[in-house]
């Protein structure tokens, strides 16, 4: 099993470490040609969505990436990755990848002083740690989207077929629950 | 370790592989964001102008900081004088995303740095060697950057500081436990922090490069020397074509180990900031706050 981790900016190494703990091989995707390497899944990590999208656009990676996701490649977006995949962003004029039928809200909990940790239920599993860093949340999950976690009344994890997103950062914890869920999607 | 400090270290992790740019108004902040900056540093004058103007240099006007916060969705940082904890209280009240306790401004205290553990807002501090870095972390900094020599457009000091920190860390990994006690004494740092460095070969927080970065090649050089991201101060808005240069530096950090891409990025950027070299300046800012 091999997973490509988008490594344009942000906390991509943390995802690689988690996946490697689960016996999954990973590699970094920094440019257009690395998108052509064979992979069983892809991770869009946390970081700044504006930064990542500008580089994706400049390096002509938007269309090939969209094609791969529409083609059924298992895709896991955390935080900024969630924003990249959302069809709509409520408080931001998004022209990102827009492949997933969710409406997200950017910096939904405010600035850094609004960042927080919580423990809750993910896909029926109790005691999953959630780390929210200037995080978004999902305002609305459209038809065909399965809600996997809710914190303080807000949707913070969801899946639509091959696309799986979390508003929080499982890669910053020692808990492998969420990454295991993604590895199970790899088939 | 308290949750707030962990969250603050984790925000710095999200900035990794990115470029943090100095901006002096909302318009520049938007240019920086559009070019791909992962955060902006709001200040009234960029370091090159602070250097030229002389006099006492202080925290920026809150009005300016608020305008910049309104203009962009990426994190906004701002600087306070070394030891000036009231300026830091004010920035925290503005809900700033990161406070830079910075040698670029005139120090307010020649002995004591801010006790950063008293704050909820995160702090980044400059360091030119491992001892300084660990002392700042002990005081509560959740991110470190090299000091470099700000406002010069000359990368030599940032290189010296980054090399020094990296080589000192490498040396720590080879020390025995008993030698480590003595080294903690020499460096005036706690044994526990030094033990972390020995065991992990790195700082317990994210470490960026800063000071004198002016070109995509400078940024990539700092990344190859072990920086986890780059601050660019005067280098962008003192150059001929700020938007283009800013964007090229962003992509140079992503592609730091790909010389072919770096060659393309370095092409036709217009004039770089003229710069002054460290022998031509009277004031070495990096000596402020040991």
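Each value in this text was obtained by applying a stated rule to the coordinates, not by laboratory testing. Predicted model, so just to flag it, every value in this text is computed and none were measured. Cβ sites come from the backbone with ideal geometry, for glycine too, and all protein chains shown count toward neighbours.
Rg and Dmax of the stretch B:171-252 over Cα atoms: what are they, in angstrom?
Looking at the stretch B:171-252, its Cα Rg and Dmax stand at 17.6, 54 Å.
For a test of the definition: using alpha carbon positions, the gyration tensor, and the 1.5 limit on a/c, classify the stretch A:14-117 as rounded, prolate or oblate.
Taking the square roots of the gyration eigenvalues as a ≥ b ≥ c, the stretch A:14-117 is oblate.
Could you give the alpha-carbon Rg of the stretch A:2-185 over 2.2 N^0.38 Å, rounded to two decimals?
Computed over Cα atoms of the stretch A:2-185, the ratio equals 0.93.
Report for chain B the percent antiparallel among DSSP-assigned beta bridges with both residues inside it, nearest 5.
Here the antiparallel bridges make up roughly 0 percent for chain B.
Can you give the FRET efficiency to the nearest 0.05 for residue B:258 and residue A:62, using r as the Cβ-Cβ distance and R₀ = 25 Å?
That gives a FRET efficiency of 0.80.
Averaged across the residues of A:157-165, what count of C-beta atoms belonging to other chains lies within 10 Å of each residue's C-beta?
Mean inter-chain Cβ contacts per residue within 10 Å come to 0.
Restricting to bridges with both residues inside the stretch A:2-185, how much of the DSSP beta-bridge set is antiparallel, in percent to the nearest 5?
Counting DSSP beta bridges with both partners in the stretch A:2-185, the antiparallel share is about 55 percent.
Taking a spot 7 Å from the Cα of residue B:241 along the direction of its beta carbon, which residues of the stretch B:253-273 have an amide N less than 20 Å from it?
Residues B:253-255, B:260-273 qualify, since their backbone N sits under 20 Å from the label point.
Mean separation of Cα pairs under 8 Å and 6+ residues apart, divided by the residue count of chain A: what relative contact order is that in percent?
Dividing the mean separation by the residue count of chain A yields 19 percent.
Give me the distance between the Cα centres of the stretch B:1-59 and the stretch B:111-190, rounded to whole Å.
20
Partner chain Cβ atoms within 10 Å, averaged over the residues of B:111-123 - can you pull that number for me?
Across the residues of B:111-123, the mean count of other-chain Cβ atoms within 10 Å is 1.
Largest first and in whole Å, what are the equivalent-ellipsoid semi-axes of the stretch B:137-290 based on the Cα gyration tensor, each being the root of 5 times an eigenvalue?
32, 18, 12
Give the average over all directions of the projected area of the C-alpha convex hull of chain B, one decimal, in nm².
14.2
Rounded, prolate or oblate: which fits the protein assembly as shown when a ≥ b ≥ c are the square roots of the eigenvalues of the alpha-carbon gyration tensor, with rounded for a/c under 1.5 and prolate only if a/b beats b/c?
prolate
How would you order B:136-143, B:191-198 from highest to lowest mean count of nearby Cβ atoms within 10 Å?
B:136-143, B:191-198
Counting only DSSP beta bridges with both residues in the protein assembly as shown, tell me the antiparallel percent, nearest 5.
If we restrict to bridges inside the protein assembly as shown, about 30 percent are antiparallel.
Can you tell me which of B:151-163, A:56-68 comes out highest on packing, and rank the rest after it, using the mean Cβ neighbours within 10 Å?
B:151-163, A:56-68
Hey, got the average number of other protein chain Cβ atoms within 10 angstrom for residues in B:252-263?
Averaged over the peptide's residues, the number is 2.
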